[in-house]
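The values are calculated or read from the model by the stated rules, or taken from the named source; none is laboratory data. Since the structure is predicted, the reported quantities are computational estimates derived from the model, not experimental observations. A quick note on method: Cβ atoms are made from the backbone with ideal geometry, for glycine too, and the neighbour counts reach across all protein chains shown. Note: accessible area is taken over every heavy atom of the protein model, side chains too, but ligands, DNA and RNA are not part of it. Shrake-Rupley method; radii C 1.70, N 1.55, O 1.52, S 1.80 Å.
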Amino acid sequence: MNAIETKELTKYYGKSRGILDLNLKVAQGDFYGFIGPNGAGKSTTIRTLLGLIHKSSGHAQILGMDMEKDKNKILSEVGYLPSEAIFYSGMRVREVLRLSADLRRKDCRAQARELCDRLQLDPARKVDELSFGNRKKVSIVCALQHTPELCIL
């Protein structure tokens, strides 16, 4: 089974092309990277695959599931690390991690502790006080703490 499979996936923003007839297969266990200039459709493809924006046409499956019909199940099996991560002001790292886990309705405390230890991330710190790199670490823990089947970073 492929982790990701698209057939002629297309996304238009009005008359502007986001992605056009994308055919892609990424096997489970593979690492795959999008490389291209700004405006090439990398972020649009990822957001479309996750159901965060609607496709114009074509078809896509994640972990053998239809990206539109099975969106909630897909999101429970996927860890996503967006390029920009913004957190609620005043929250502590542990609160952000708990909120992320609660949104998935999973108890991720043990895995979150392990990831924080590995990344040397202090869960008691306020996210507003963290460096850019440490805020990225919070995002990484949020994306991985529920032990997803597929990670999109």
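Before moving on, here are some points about what is shown:
- Residue list for the range 19-68, restricted to those being without any contact (Cβ under 8 Å) to a residue 40 or more places away in the chain, at positive phi and within 17 Å of the chain's Cα centre (by Cα): Gly29, Gly41, Gly51
- Of the residues in the range 43-59, not one is farther than 19 Å from Val78 by Cβ, among the polar types (S, T, N, Q) and out of contact with any strand residue (DSSP E or B) (no Cβ under 9 Å at 6 or more places or on another chain).
- Taking (1) open to solvent by 30 Å² or more (accessible area, probe 1.4 Å); (2) closer than 21 Å to Asp30 by Cβ in turn, Ile74 satisfies each apart from (1).
- In the range 19-33, the count of residues that are of a type outside the set (D, E, K, R), at pLDDT below 90 and open to solvent by less than 60 Å² (accessible area, probe 1.4 Å) is one or more.
- Residues being in contact with a strand residue (DSSP E or B) (Cβ under 6 Å, 6 or more places away or on another chain) and open to solvent by less than 80 Å² (accessible area, probe 1.4 Å) - total across the range 3-18: 8
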